[in-house]
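Scroll down for the structure; my scribbles are underneath it.
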Amino acid sequence: MKNTIEQLLEEGHGVLRLAPTWVPRSFCRPGKRMKLHPDDLYVLGLSRGGINERWFASTTNAVNGPNTPEDEGLSYVVSADGKDRVLLRDVVSELKERAIGEEIWSKYKEWPVYSKLFDNLGPLPHHIHHNDEAAARVGQKGKPEMYFYPAQLNNHGGEFPYTFFGINPGVEKDQIKEALMNFTKGDNQITDLSRSYKLTLDTGWDVPPGILHAPGSLCTYEPQFASDVYAMFQSVLHGEHAVPEELLWKDTPEEEVGNYDYLMSIIDWEKNTDPDFYNNYFMAPKPIRPIEEMQAEGYVEEWICYKSDVVSAKRLTVLPGQTVTITDSTAYGFYMLQGHGKFGVWDIETPSMIRYGQLTNDEFFVTEPAAKEGVTITNNSKTEPIVLLKHFAVSET
């Protein structure tokens, strides 16, 4: 008799249906663009904070303070009838290369990436993600991440649709250190030492570890490495929202708490002060083939996140009334932005409103064998395209 994981794999012909994974943040305010019902934004309680993230194809726990459930941030694979439910982490652990391919499994022994929607009403503090060496000191992994701003999820720009990146060339290290030491004294004005960029829909940014960044208030699709490591370097946000000091020292080894030189050591100074920062880290979509050729075949596919060497993402558009078969060289998770139709054996659709705990047909995981074989997608609409976002553990060549 087949076990549940084998049954789920067979049911989807190698394509696994995923339940929505919602994550609250105590220091954030929901932007209300992820289609979660307004009554459910604080369903986990005010102490946990509002829900302003949805994680995709995740085998990574959210590091989210006291009272965090042990499965927060983890994706569940669910059957067509919703009765069977297994962690994607357990599916990958059992199926190994049959799920994510021999190359990824042999290198990581796990699914090493995830993506998320980040939907905050205002900006985040200027903060940093540690590299592998610094993250290892607190039992975590370094965190490269990338951003993409889907037009479909940004009917409004929030309070501050601009992102600060890096440190202005010419700024001295002592100026940054002084700002960190002033964290508890009010606004430490660290963004005075940075520069902001207006965010443009359907474009994105590469954000390697060690780069300071204060994400703006657009709803953002974020492919990233499987980690939730960070430290907040800004004390007071736009709109006079204060940041607790504990977040300055988050993911700092106990023996380094209070050591501002340690905080300085996790900054990649060369990348932060790059005078050509925009050209080196901004990303506009790149078609995988000439657009006219793809359109003649009923679809358009573009790289949207492509400057990291560990995680990447594509946007696939299937034109109205078209049926196409799409192949990829490796496993991926995908999220529906727009439209309805068929993806292999599955009905796919983009919900208008989701209640907390409700299942959807807008998120799936495609195992490597199914990706290589190719999945047939049918757009059942005569007027609206299917648009989906796909994130990968390795950049394709």
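Does any residue of the stretch 39-54 turn out to be of a type in the set (A, V, I, L, M, F, W, C), at pLDDT 95 or above and within 30 Å of Val345 (Cα to Cα)? No, every residue in the stretch 39-54 fails to be of a type in the set (A, V, I, L, M, F, W, C), at pLDDT 95 or above and within 30 Å of Val345 (Cα to Cα).
Quick check, is Gly210 open to solvent by less than 10 Å² (accessible area, probe 1.4 Å), outside any helix (DSSP H, G or I), touching a residue at least 40 places away in the same chain (Cβ under 8 Å) and over 23 Å from Gly73 (Cα atoms)? For Gly210, the condition - open to solvent by less than 10 Å² (accessible area, probe 1.4 Å), outside any helix (DSSP H, G or I), touching a residue at least 40 places away in the same chain (Cβ under 8 Å) and over 23 Å from Gly73 (Cα atoms) - is met. Among strands (runs of 3 or more DSSP E) entirely within the stretch 285-361, having at least 3 residues that are touching a helix residue (DSSP H, G or I) at 6+ places or on another chain (Cβ under 7 Å) singles out 332-338. Among the residues of the stretch 47-93, those that are of a type in the set (Gly, Ala, Ser) and either in contact with a Leu (Cβ under 7 Å, 6 or more places away or on another chain) or farther than 24 Å from Val15 by Cβ (or both) comprise Ser47, Gly49, Gly50, Ala57, Ser58, Ala62, Gly65, Ser75, Ser79, Gly82. Scanning the stretch 38-64 for residues that are of a type in the set (A, V, I, L, M) and over 22 Å from Thr360 (Cβ atoms) returns Leu46, Val63. Counting the residues of the stretch 68-122 that are surrounded by fewer than 15 Cβ atoms within 10 Å (Cβ to Cβ) and assigned to a strand (DSSP E or B) gives 1. If only residues of the stretch 213-240 that are small (Gly, Ala, Ser) and under 22 Å from Gly158 (Cα atoms) are counted, the one that is surrounded by the fewest Cβ atoms within 10 Å (Cβ to Cβ) is Gly239. Is it true that some residue in the stretch 350-360 is touching a Lys or Arg at 6+ places or on another chain (Cβ under 9 Å), of a type in the set (Gly, Ala, Ser) and more than 23 Å from Leu88 (Cβ to Cβ)? For the stretch 350-360, residues touching a Lys or Arg at 6+ places or on another chain (Cβ under 9 Å), of a type in the set (Gly, Ala, Ser) and more than 23 Å from Leu88 (Cβ to Cβ): present. Restricting attention to the stretch 113-132, does a residue exist that is over 29 Å from Ser196 (Cβ atoms) and not basic (Lys, Arg)? Scanning the stretch 113-132 turns up no residue that is over 29 Å from Ser196 (Cβ atoms) and not basic (Lys, Arg). Under the condition of being touching a Lys or Arg at 6+ places or on another chain (Cβ under 9 Å), at pLDDT 85 or above and assigned to a loop (DSSP other than H, G, I, E, B), the residues counted in the stretch 228-255 number 6.
In the stretch 291-310, the residues that are within 16 Å of Gln224 (Cβ to Cβ) form Cβ pairs under 7 Å with partners that are among the hydroxyl-bearing types (Ser, Thr, Tyr) and surrounded by fewer than 18 Cβ atoms within 10 Å (Cβ to Cβ), at six or more places apart or across chains, as follows: Tyr306/Ser395; Asp309/Ser395. Is it the case, given these coordinates, that Ile5 is β-branched (Val, Ile, Thr), open to solvent by 10 Å² or more (accessible area, probe 1.4 Å) and either without any contact (Cβ under 8 Å) to a residue 24 or more places away in the chain or touching an Asp or Glu at 6+ places or on another chain (Cβ under 9 Å) (or both)? For Ile5, the condition - β-branched (Val, Ile, Thr), open to solvent by 10 Å² or more (accessible area, probe 1.4 Å) and either without any contact (Cβ under 8 Å) to a residue 24 or more places away in the chain or touching an Asp or Glu at 6+ places or on another chain (Cβ under 9 Å) (or both) - is met. Residues that are among the β-branched types (Val, Ile, Thr) and crowded, with 19+ Cβ neighbours inside 10 Å do not occur anywhere in the stretch 25-43.
Cβ-Cβ contacts under 8 Å between residues 6 or more apart (or on different chains), taken from a first residue in the stretch 73-96 that is in contact (Cβ under 8 Å) with a residue 24 or more places away in the chain and more than 22 Å from Phe225 (Cα to Cα) to a second residue that is open to solvent by 10 Å² or more (accessible area, probe 1.4 Å) and assigned to a loop (DSSP other than H, G, I, E, B), are listed as Val78/Asp84; Val78/Leu359; Gly82/Leu359. When restricted to residues that are within 10 Å of Pro20 (Cα to Cα) and in a loop (DSSP other than H, G, I, E, B), the stretch 52-67 contains 1. For the stretch 282-302, state whether one or more residues are surrounded by 19 or more Cβ atoms within 10 Å (Cβ to Cβ), in contact with an Asp or Glu (Cβ under 9 Å, 6 or more places away or on another chain) and among the hydroxyl-bearing types (Ser, Thr, Tyr). Within the stretch 282-302, not a single residue is surrounded by 19 or more Cβ atoms within 10 Å (Cβ to Cβ), in contact with an Asp or Glu (Cβ under 9 Å, 6 or more places away or on another chain) and among the hydroxyl-bearing types (Ser, Thr, Tyr). Once the stretch 342-395 is narrowed to residues that are of a type in the set (Asp, Glu) and over 16 Å from Thr327 (Cα atoms), the residue that is nearest to the chain's Cα centre (by Cα) is Glu363. When the stretch 183-203 is filtered for residues that are assigned to a loop (DSSP other than H, G, I, E, B), open to solvent by less than 60 Å² (accessible area, probe 1.4 Å) and modelled with pLDDT of 95 or more, the ones remaining, listed by number, are Ser194, Leu199, Asp202, Thr203. Summed over the stretch 362-397, residues that are among the aliphatic types (A, V, I, L, M), part of a loop (DSSP other than H, G, I, E, B) and crowded, with 23+ Cβ neighbours inside 10 Å total 1.
The values are calculated or read from the model by the stated rules, or taken from the named source; none is laboratory data. Every value quoted in this text rests on a predicted model; they were computed, and no experiment measured them. Cβ: placed from backbone, ideal geometry, glycine included. Neighbour counts: every protein chain shown. Side chains are part of the model used for accessible areas, which takes the heavy atoms of the whole protein and leaves out ligands, DNA and RNA. Shrake-Rupley method; radii C 1.70, N 1.55, O 1.52, S 1.80 Å.
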